[in-house]
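Q: Below is the structure I would like to discuss, written out as structure tokens.
The values are calculated or read from the model by the stated rules, or taken from the named source; none is laboratory data. It should be emphasised that the depicted structure is a prediction, and the values quoted were computed from it without experimental measurement. Note: ideal-geometry Cβ built from the backbone for every residue, glycine included; neighbour counts use all protein chains shown. Protein only, heavy atoms only, side chains kept; ligands, DNA and RNA dropped before computing areas. Shrake-Rupley method; radii C 1.70, N 1.55, O 1.52, S 1.80 Å.
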Protein chains: 4
Amino acid sequence: MIVQMRTGTDERALEHVLNTITAAGHGHRVIAGTERNVIGVLGGAPSQDLLDRVQALPGVEMVIRISKPYKLASREFHPARTIVHIGNVEIGGETPVLMAGPCGLEGLELLALAREETGMPVVTEVMEPDQVSVVAEYADMLQIGSRNMSNFPLLRKAGRSGRPVLLKRGFSATIEEWLMSAEYVLAEGNEDVVLCERGIRSFDPIVRFTLDLTAVPLLKDLTHLPVIVDPSHGTGRRALVAPMSLAAIAAGADGLIVEVHHDPAQALCDGPQAILPDVLRQIADGMVHVHAAIRMPVLA
Amino acid sequence: MIVQMRTGTDERALEHVLNTITAAGHGHRVIAGTERNVIGVLGGAPSQDLLDRVQALPGVEMVIRISKPYKLASREFHPARTIVHIGNVEIGGETPVLMAGPCGLEGLELLALAREETGMPVVTEVMEPDQVSVVAEYADMLQIGSRNMSNFPLLRKAGRSGRPVLLKRGFSATIEEWLMSAEYVLAEGNEDVVLCERGIRSFDPIVRFTLDLTAVPLLKDLTHLPVIVDPSHGTGRRALVAPMSLAAIAAGADGLIVEVHHDPAQALCDGPQAILPDVLRQIADGMVHVHAAIRMPVLA
Amino acid sequence: MIVQMRTGTDERALEHVLNTITAAGHGHRVIAGTERNVIGVLGGAPSQDLLDRVQALPGVEMVIRISKPYKLASREFHPARTIVHIGNVEIGGETPVLMAGPCGLEGLELLALAREETGMPVVTEVMEPDQVSVVAEYADMLQIGSRNMSNFPLLRKAGRSGRPVLLKRGFSATIEEWLMSAEYVLAEGNEDVVLCERGIRSFDPIVRFTLDLTAVPLLKDLTHLPVIVDPSHGTGRRALVAPMSLAAIAAGADGLIVEVHHDPAQALCDGPQAILPDVLRQIADGMVHVHAAIRMPVLA
Amino acid sequence: MIVQMRTGTDERALEHVLNTITAAGHGHRVIAGTERNVIGVLGGAPSQDLLDRVQALPGVEMVIRISKPYKLASREFHPARTIVHIGNVEIGGETPVLMAGPCGLEGLELLALAREETGMPVVTEVMEPDQVSVVAEYADMLQIGSRNMSNFPLLRKAGRSGRPVLLKRGFSATIEEWLMSAEYVLAEGNEDVVLCERGIRSFDPIVRFTLDLTAVPLLKDLTHLPVIVDPSHGTGRRALVAPMSLAAIAAGADGLIVEVHHDPAQALCDGPQAILPDVLRQIADGMVHVHAAIRMPVLA
């Protein structure tokens, strides 16, 4: 933590800050600049509480956090990449995965039946803490939707469910806030979290959401957790799903989750962005080709 | 609902759209423009389902909703302004109200005691559906926080609690989405909803949130519900609370909710934006003066 | 143009609107809904002036433009894709192009010399109308930077320069505003405009700009002009340039423009995002592989 | 300037950074934290060039600028508030000013005539450097519009014009970028700059721009320059102009600039937001009352 004092503050204000830091069990080091004093706080990551307190002291211009607010999700403390296993499927392994489905689909028993018949893992969204234990019985993976990314009671409950969690990004969440939400699940002892970029809110009304593919390589650097992309909700338009799917794989994503329907115009939900099965096959083939392309060696 | 067809689409595409509209029980009227056809959908507000279906049909460029997606919250259908009563306090009446408090305060019994001693109404945040009935016993008003504005199970539970609801704006919610959330509470038969603007996310890192005061006169036109402003969370800085409080009243707000603490540097939460009791008194006096000023007659 | 009246407006307000439309030489058609009247305006694209006037009339809730505000840049009126030729290079043709260079480079004669020696086309930024004719003598292509996207005098001057124009997106411009800027160049008779996505401003301070790759397939649908991507300024970080370059090609971009430097730490400008020549070669090879991958046939 | 190293970087990377800092003529101080090293750079404000270079070095996580990038506009170095005089009018003095007018108005001689007849100062927008000297002959104040806030050749020319400059905020400019633009004018020796907030771009399509009134008290702390507000362009709707005008004054603005027209529906530009003369009088009276209200003493 770095504390930047205002220009022209007196010794008393500086001492007040230093005492507050000491009282919280931290050391400090003052850098006396020509314009202002800057204080480095020593001794491990300070609490949010200390940060807030110091920010509120007289003479303090700004407090800058240096250590990241998340630890368990951080690659600095956990360099090896996490691979999440769901049935026979690996997310975060060698090969990117393709997840597809209608989100309108109702009935947990129906889902369990589908899984039994096909062997395919089933992902189901949970929307309130009370649903978690029931859904966890039938689904192979729990999905936390964009609107619930900061629903902390739900995150904690999902963290204790014994099931892998697909954590969608809040549509106006920063990358750091998103990783903080993952931290809530990890803190319950659940190490199987998959992050899913699904578009952020921007100023251009031409699309419902702006797919933030830069988040993929950024997250690959910041966290050991797998990262997938939802180009269906992330663009809101069927015609954009295929090109943005391939772009996501080229950016390094560990997989895709897309909405598909044999008759999108009749789909109960996700109509405007659901693709036809034919397009799904194009994406399935295309992602294999693109993934191979980005792994080709550079010619000498 | 207006359906805008792509330039150069054939008759079959147009008929497919018209049939879909008819099948949903709506009439239609085609406006044949020089560049493209535009279809007006008749017979009341169409469902979101129809809107999504039509959007997904071949040849459709864009679907524009004409009727507002909220009804109960709309002033068009309920022109008289709602006044919410909490104890002896009126929100949305003649005089703007000032709500103040620390948000760190714990203990429902403690709150109930405080209310007994002072007669002041107590507002408490609820964060999950399960908390609602317990909190409703002790608090005079339930607060739904910014992160829970779209937590629909929580909104429905609050709607059935028998208590007035203070609904904070999601920090990246549009005005329309916010009114849609109010609609969830109103739909349970609870007419006592107070809207609270508390800052939206913008691109400038100089502030945590950008207080959107234009929301106040906009909402006064769109809805009959009272509107208050939270300049503490809405700016994130103590020095900005007083001027933005008075600006909120000048913009027509029905009240303010501010964080106050006798020693903000020691406050458990809301440190950087909590004001001292002295500043609270300045705001209390200032808001009376400003409210009087905006009601003064124009000189002939 | 569609005019949506407020619920409950009287006949006089409606007539005032209809007369204004007629006076501007347009026809109209009223759709009487259950809640409100909606007016369709006939007879070609209305002027912005008419749109603004009608918006200001009593009883008007909203005016919705149906026809696009740009024509020359629109694919609806010009379905064949434009290929821009610069020396031997084609932008918008079969093969994506890779443009690379330092932006600190000074001296027009130096540039002309470099071109003579290497045969490589030279792109130079113009920052004010007065520079255009001089720069056009030495450079093969004029670049309009992000901050000048709406500098209309500069756009017009570039349109009359006889040189192809590389038009970067304003970092907070909508796609429609960007195409409107291209329209200014095209309107001067210059058909050689290349659009360049270079990141938009968003709420997350983790990056300087959010690269909007969805703009690529969107533009491919809306306009006949070639679209390239600048992943250097569009991410602001060297480590993100290679993955986002490949993602741009996978999304369908006609090319890339990247900053490269043999010693980025010594580069006069563009330090944080300039890549080493080795990485440039990786991108050059990678883009060929990815471009081949997205053109592979789907397996039967 | 603070340099934050990545966790686990070796001595060589640290030394490379320290050498780069020393070579640029700065001192340094290393704070060895438990997780990472942090370097404080001493000896005055470092150049943007040094900042960029260090950011690009191996092992550097982030560079944080501590000193503000603007000096002349800063209140730290110029605590006394600037009052700009235009004719008999003072902007930034005791009384807030009201500026009103149509922006469609053409003809510099016409403007000069109007000024002669009425004595009122005339403000005219300049859109390219070449216009500055001609407009400066006829107008009392030059306006730089939102789209030109970062047109540096224009800013420099306006700085040498001998006329006060009204500098509108770019609709997606941060406060810091805005002050940097003011710095360009001030650097030419022109101390008469008035800042004008006119709305920023946000995610909610319900308004064209979001008026950022928090900018007013923020700027009052950061700069000595006067700050006025444009509620007409800043809201884009006539009905919002009066309440937001009074809110601006309550927030501490030094004045307002509003669009007025005797028949807004016929106005050539600014139709949707132009107000009637009657409303202008309401604002003129209201701002006097509100300004008096915010200066009233707190009751004991």
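Q: B:Gly199's amide H: which non-local residues (gap 5+, or another chain) put their own amide H closer than 5 Å, with H modeled 1.01 Å from N in plane and none for Pro or chain starts?
A: B:Asp212
Q: While we're here: If you count the DSSP beta bridges with both ends in the protein assembly as shown, what percent of them are antiparallel, to the nearest 5?
A: 50 percent
Q: Considering only Cα-Cα distances, which of the following residue pairs are longer than 28 Å: C:Lys71/C:Lys168; C:Lys168/D:Lys220; A:Lys68/B:Lys157; A:Lys220/B:Lys168; A:Lys220/B:Lys157?
A: From C:Lys71/C:Lys168; C:Lys168/D:Lys220; A:Lys68/B:Lys157; A:Lys220/B:Lys168; A:Lys220/B:Lys157, over 28 Å: C:Lys168/D:Lys220; A:Lys68/B:Lys157; A:Lys220/B:Lys168; A:Lys220/B:Lys157.
Q: Return one quarter of the surface area of the convex hull spanned by the alpha-carbon atoms of segment A:16-154, equal to its mean projected area, in nm². Don't jump to the answer; show the numbers that get you there.
A: Numbers: hull surface 53.5 nm².
Approximately 13.4 nm², given one-decimal rounding.
Q: Still on this structure, please answer the following. In a GNM of chain A with a 10 Å cut-off on Cα contacts, which of A:Val227, A:Val132, A:Val279 has the highest mean-square fluctuation?
A: The residue with the greatest mean-square fluctuation here is A:Val279.
Q: Report the local net charge at A:Asn148: Lys and Arg +1, Asp and Glu -1, summed over other residues whose C-beta lies under 14 Å from its C-beta.
A: +2
Q: Nearest 100 Å², what total accessible surface is buried between chain C and chain A (probe 1.4 Å)?
A: Buried area between the two chains comes out at roughly 3300 Å².
Q: Follow-up. Give me the 1.4 Å probe accessible area per residue for chain B, excluding ligands and nucleic acids, in Å².
A: Counting only protein heavy atoms, the per-residue value for chain B is 40 Å².
Q: Could you work out the longest stretch of chain C that avoids the GluC sites (Glu not before Pro) located in DSSP loops with at most 10 other Cβ atoms within 10 Å?
A: In short, C:107-300.
Q: Taking segment A:107-216 on its own, what percent of its Cα-Cα pair distances exceed 17 Å? Numbers along the way, then the final one.
A: Values: 3246 of 5995 pairs.
Considering segment A:107-216, 54 percent of its Cα-Cα pairs are separated by more than 17 Å.
Q: Kirkwood hydrodynamic radius (Cα pairs, Å) of chain C?
A: It works out to 21.5 Å.
Q: Counting Lys +1, Arg +1, Asp -1, Glu -1, what net charge surrounds B:Met1 among other residues with beta carbon under 13 Å of its beta carbon?
A: Result for the neighbourhood of B:Met1: +2.
Q: Counting each DSSP H run of 4 or more residues in the protein assembly as shown as -39500 (n - 2.57), what helix-only mean residue ellipticity at 222 nm follows after dividing by all residues, to the nearest 500 deg cm²/dmol?
A: When only DSSP H runs of four or more count, the value is -10000 deg cm²/dmol.
Q: Does anyone have the angle between helix B:175-186 and the longest principal axis of chain B? Alpha-carbon axes, 0 to 90°, nearest 10?
A: Once rounded, one gets 80 degrees.
Q: Which order do C:Phe77, D:Phe152 take by accessible area at a 1.4 Å probe, largest first?
A: Largest to smallest exposure gives the sequence C:Phe77, D:Phe152.
Q: How charged is the neighbourhood of A:Thr82? Take every other residue with its Cβ under 11 Å from the Cβ of A:Thr82, and add Lys/Arg as +1 and Asp/Glu as -1. Can you show the working numbers first?
A: Values: positive: A:Arg75, A:Arg81; negative: A:Glu90, A:Glu191, A:Asp192, A:Asp254.
For residues surrounding A:Thr82, the net value is -2.
Q: Highest GNM mean-square fluctuation, chain A, Cα pairs closer than 10 Å: which of A:Asp52, A:Asp230, A:Asp278?
A: Of the options given, A:Asp52 has the highest mean-square fluctuation.
Q: Right, next: Return the long-range amide H neighbours of D:Ile66 (sequence gap of 5 or more, or a different chain), with a cut-off of under 5 Å between placed amide H atoms.
A: D:Ile2
Q: Assuming 1.567 mPa s and 4 °C, estimate D for segment D:162-204 with Stokes-Einstein, Rh taken as the Kirkwood radius over Cα pairs, in µm²/s.
A: Once the numbers are plugged in, D ends up at 117 µm²/s.
Q: Who wins for biggest fluctuation among B:Thr214, B:Thr223, B:Thr34 in a Gaussian network model of chain B, springs between alpha carbons below 10 Å?
A: Taking springs between Cα atoms under 10 Å, the residue moving most is B:Thr34.
Q: Principal axis extents for segment C:174-300, Cα atoms only, whole Å, descending order, please.
A: On the principal axes, segment C:174-300 reaches 44, 42, 31 Å in Cα extent.
Q: Here's something else I'd like to know. For A:Trp178, tell me the accessible area in Å² from a 1.4 Å probe, rounded to the nearest 10.
A: Surface open to solvent at A:Trp178 totals about 0 Å².
Q: Another question, then. Keeping all protein chains in place and using 1.4 angstrom, which order do A:Arg12, B:Arg115 fall into by accessible surface area, from largest down?
A: Most to least solvent-accessible, the answer reads A:Arg12, B:Arg115.
Q: Next question, about the same structure. I'd like the distance separating the alpha-carbon centroids of segment C:16-50 and segment D:49-123, in whole Å.
A: Taking the Cα centre of each part, segment C:16-50 and segment D:49-123 sit 42 Å apart.
Q: Could you look at the protein assembly as shown and say what percent of its accessible area is carbon and sulfur, using a 1.4 Å probe and all protein chains? Walk me through the numbers before you get to the answer.
A: On the way: 25490 of 48070 Å².
C and S atoms contribute 53 percent here.
Q: Stokes-Einstein diffusion coefficient for segment C:44-126 at 25 °C in a medium of 0.890 mPa s, Rh from the Kirkwood formula over Cα pairs: what value in µm²/s?
A: Stokes-Einstein gives a translational diffusion coefficient of 139 µm²/s.
Q: Continuing with the same structure: Would you mind checking which residues have amide H under 5 Å from D:Glu61's amide H? H placed 1.01 Å from N; only 5 or more apart, or other chain.
A: D:Gln4, D:Met5, D:Arg6
Q: Could you tell me the extents of segment C:105-157's C-alpha atoms along the three principal axes, largest first, rounded to whole Å?
A: Here the Cα extents, ordered largest to smallest, are 35, 18, 16 Å.
Q: Let me check I have the definition right: for the protein assembly as shown, take the eigenvalues of the Cα gyration tensor, multiply each by 5, take square roots. What are those semi-axes in whole Å, largest first?
A: Working from the Cα gyration tensor, I get semi-axes of 40, 38, 38 Å.
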